[in-house]
Amino acid sequence: MTIAPAQSAKVFELVASPAGIRVGLSEIRIHLRETGLSDCRCGTTEIVLAEALNNIAEHAYEDCGVGDIAVAITLDNVGILIEFTDSGAPLPGLSPPAGNPPVLDAPSGDLPEGGYGWFLIRKLTTKLAYTRQNGQNFLRLRMNLRGAQHAPGRTFGAWSR
Amino acid sequence: MDLSSSQHGAYHLITVKAARIDAAAAIAFKEALRSATSGGTDDVLLDLGQVAFIDSSGLGAIVSAIKMVGPDRRVELACLTPDVEKVFRLTRMNSIFRLHSDLNDTALGQTG
């Protein structure tokens, strides 16, 4: 399945609530399908989008259900660049969590019910960068959607990994 | 959040009639699951065949089912759709839950 050649970003404006995020994810998925991305890769992308958006709604906007999140999607031959912009509170320590895998070798009654979000983001992205400027948060993620380990050519400025 | 219950062999089969178990639905799902499983003694088989998508909130809610039923009852999952199975594999939750491809899986009812 060929992915569309490098194109300018398509920007989606979402309301930072669970319902608003559902609407936004649906619109973004339709867009990704229209570019020729396989259903499987659309699904993987939606997981990353959902986790990042939920984090912004819950923490940057403190679950108040109002606030805007801009999501810019840029596809190229190797993968996808996703840029989130919001005007909420900064990430603690101005640093994205490490997303360590939750510990599963615990008695069934003690299995963790949380902590999977950043783990999934880290697991499915090849690059991740967070900055804060003028009261806004900028989170940039890159996913490779061709199975390649490293995207040749393009660089995206300062990355945290 | 619509859950329907029935008997399926030795299992209490709970069919989830929702397309998404996500941040918008996780709390309602947990509450519905709690109602459906309370007072029961059979192992639970959760049919997720209609669920196209879960996020980490949904995953956490499904994990909570294990605690809801207590240590003497198993919670097993069936009919996971591709994106849902992806989340279970990535988080290694497929080592915690027995996953059945369909409701006629011969592994159903085996404790080994």
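Give the residues of region B:33-42 that are within 26 Å of A:ASN54 (Cα to Cα) and surrounded by fewer than 19 Cβ atoms within 10 Å (Cβ to Cβ), sorted by residue number. Within region B:33-42, just B:ARG34 meets the criteria. Inside region A:11-44, residues that are in contact (Cβ under 8 Å) with a residue 40 or more places away in the chain, more than 10 Å from every other protein chain (Cβ to nearest Cβ) and either in a helix (DSSP H, G or I) or closer than 15 Å to B:ASP22 by Cα (or both) make up a count of 6.
Of the residues making up region B:91-107, those that are free of Cβ contacts under 8 Å to residues at least 12 places away in the same chain and within 14 Å of chain A (Cβ to nearest Cβ) are B:ARG92, B:ASN94, B:SER95. When A:GLY117, A:GLY93, A:GLY65 are screened for being modelled with pLDDT of 90 or more and of a type in the set (Gly, Ala, Ser), only A:GLY117 passes.
Cβ separations smaller than 7 Å between residues 6+ apart or across chains give the following pairs from region A:82-108 residues that are more than 16 Å from A:PHE119 (Cα to Cα) and more than 11 Å from chain B (Cβ to nearest Cβ) to residues that are among the charged types (D, E, K, R) and in a loop (DSSP other than H, G, I, E, B): A:ALA89/A:GLU62.
Quick check on region B:67-90: of everything there that is without any contact (Cβ under 8 Å) to a residue 12 or more places away in the chain and buried (at least 17 other Cβ atoms within 10 Å of the Cβ), which residue is nearest to A:PRO102 (Cα to Cα)? Checked region B:67-90; the qualifying residue nearest to A:PRO102 (Cα to Cα) is B:LEU90.
Checked against (1) surrounded by fewer than 18 Cβ atoms within 10 Å (Cβ to Cβ); (2) more than 15 Å from B:SER4 (Cα to Cα), B:ILE54 passes all but condition (1).
Conditions: (1) farther than 29 Å from A:ARG122 by Cβ; (2) at the interface with chain A (Cβ under 10 Å from one of its Cβ atoms); (3) free of Cβ contacts under 8 Å to residues at least 24 places away in the same chain. B:SER6 meets all but one. Number of the miss? All conditions pass for B:SER6, except number (2). Within region A:16-57, the set of residues being surrounded by fewer than 17 Cβ atoms within 10 Å (Cβ to Cβ) and not polar (S, T, N, Q) comprises A:ALA19, A:VAL23, A:GLU27, A:ILE30, A:HIS31, A:ARG33, A:GLU34, A:GLY36, A:ASP39, A:CYS40. Reported count of residues in region A:120-138, each being more than 7 Å from every other protein chain (Cβ to nearest Cβ) and surrounded by 16 or more Cβ atoms within 10 Å (Cβ to Cβ), is 10.
The values are calculated or read from the model by the stated rules, or taken from the named source; none is laboratory data. Quick caveat: nothing in here was measured; it's all calculated off a predicted structure. Positions of Cβ are backbone-derived with ideal geometry, glycine not excepted, and every protein chain shown enters the neighbour counts.
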